[in-house]
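Engineer: Here it is, the structure, as structure tokens.
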Amino acid sequence: MRLRSTVGALVALLTVLALSGSALAQTDIKASKQAPALTELKMGVFPAADYAPLFVGFKRGIFKKHGLDIKVQYIFTGTGLMSGLTSGALDLATNSTTAGATGIANGLPVKVIALSALTPTKGYIDVLVRRDSSIRGWADLEGKTVATINLQGQFHMLVNQAIEKRGGDPSRMRALPMSPADEPAALAAGRVDAIVMQDPTLTQAKSQHDFRSLGNPTALLSYPLPSGAIYSSNDTIAKKPAVLRRFRTAWREAVAVAKRNPKLSRQTIIKFTGISNETAAKVTLPDFSADLSPRGVGPMLLQMKKYGWVSQVPAFNQISWNGK
């Protein structure tokens, strides 16, 4: 009788242990499905309103949902962003489509992975001068020194076109590359005649200095100008195509959320730029868009060729990655 009781107790104990082990195994499987290993991507970011979808994506967990861990490094010059890509220090980097296309046409081994935004024609980008400046219109910039983040980039091109459309000679305007953090002080001190800025640093500069705006030169264009874009090097594209496809899928989702939720976009701009709530409320948001189109790139490239920045217009597939 004691033997039967002992055997019965052992059987019961083994059953409990087996069931417990099964439950633990199921828990482990469930946990592994819920928390897959994330793939790290190092990304250089210029903190402009163009890239609010990135931080919207962080807030909504979009990139993690697609198995990505994006490590952000702030870089304030186009040269620094592109050199980070080509050196292998970065997997992704932001830059204007104009600056990137100029570099690609001149042999820079990078491609656009995704677009971030189209440039608004009101607000968002302004050319600023001092209140007491004799500069009253675009043609007056002929012969003057204008600070901009990149040479042969979007802002440089926009000022050139504005001068030209108002009868001036853009080749006589001197573009000076400068970090946006330094531009307002340089203008206030008279070291430059004008500065080109974009939100959110534009709104911040206007609130802190007595500057006068010449307006947004994008308003003079006859085509939609692609603004910020996200790039990767040809080497990284060859090594990590599947990961970059996942990023692009996540990016489209983040852009769609940012476009539907301007309030959320403004909140994220406050976090990644450090601007105040008051300044953020005045910022002009770009037209968030994820896919680069030949419609805006074509006229832009022709203008770049006209200014001698590129010797020939590159094909669209030389600039934009097709995802294969």
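The values are calculated or read from the model by the stated rules, or taken from the named source; none is laboratory data. These numbers were taken from a predicted model, which means no experiment stands behind them. Because the Cβ atoms are built from the backbone with ideal geometry, glycine has one as well, and the counts that use them run over all protein chains shown. In case anyone asks, the SASA skips ligands and DNA or RNA and just uses the protein heavy atoms, side chains included. Shrake-Rupley method; radii C 1.70, N 1.55, O 1.52, S 1.80 Å.
Engineer: Please state which one of Ser311, Ser265 is closer than 30 Å to His66 by Cβ and of a type in the set (Ser, Thr, Tyr).
Structural biologist: After applying the criteria, what remains is Ser265.
Engineer: Now for a separate question. Given the structure, is Thr98 touching a residue at least 40 places away in the same chain (Cβ under 8 Å), in a helix (DSSP H, G or I), of a type in the set (S, T, N, Q) and open to solvent by less than 10 Å² (accessible area, probe 1.4 Å)?
Structural biologist: Judged against the criteria, Thr98 is a match.
Engineer: List pairs: first residue in segment 183-202 and within 22 Å of Thr279 (Cα to Cα) and among the hydroxyl-bearing types (Ser, Thr, Tyr), second residue open to solvent by 50 Å² or more (accessible area, probe 1.4 Å) and at pLDDT below 95 anywhere in the structure, Cβ distance under 8 angstrom, at least six positions apart or on different chains.
Structural biologist: Qualifying pairs under 8 Å: Thr201/Ala181.
Engineer: I've got another one for you. So if I check each of Gly168, Gly137, Gly143, which one is in contact with a Lys or Arg (Cβ under 7 Å, 6 or more places away or on another chain), surrounded by fewer than 23 Cβ atoms within 10 Å (Cβ to Cβ) and closer than 24 Å to Ser222 by Cβ?
Structural biologist: The conditions single out Gly137.
Engineer: With respect to Arg174, determine if the residue is over 17 Å from Arg130 (Cα atoms), under 27 Å from the mean Cα position of the chain (by Cα) and open to solvent by 70 Å² or more (accessible area, probe 1.4 Å).
Structural biologist: So Arg174 fits the description; yes.
Engineer: Continuing with this model, one more query. Suppose we keep only residues that are part of a loop (DSSP other than H, G, I, E, B) and in contact with a strand residue (DSSP E or B) (Cβ under 6 Å, 6 or more places away or on another chain) within segment 151-165. Which one would you say is farthest from Ala219 (Cα to Cα)?
Structural biologist: This residue is Leu151.
Engineer: Could you tell me whether Val192 is buried (at least 18 other Cβ atoms within 10 Å of the Cβ), of a type in the set (Val, Ile, Thr), farther than 23 Å from Ser227 by Cα and in contact with a strand residue (DSSP E or B) (Cβ under 7 Å, 6 or more places away or on another chain)?
Structural biologist: Answer is yes for this residue.
Engineer: Restricting attention to segment 59-95, which residues are of a type in the set (A, V, I, L, M), open to solvent by 10 Å² or more (accessible area, probe 1.4 Å) and closer than 21 Å to Arg252 by Cα?
Structural biologist: Ile70, Val72
Engineer: Another question about this same structure. Do any residues in segment 64-85 that are over 23 Å from Gln154 (Cα atoms) and of a type in the set (Asp, Glu) have Cβ atoms under 9 Å from those of residues that are in a loop (DSSP other than H, G, I, E, B) and open to solvent by 60 Å² or more (accessible area, probe 1.4 Å), where the two are at least six apart or on different chains, and which pairs are they?
Structural biologist: Listed pairs, sorted by first residue: Asp69/Leu38.
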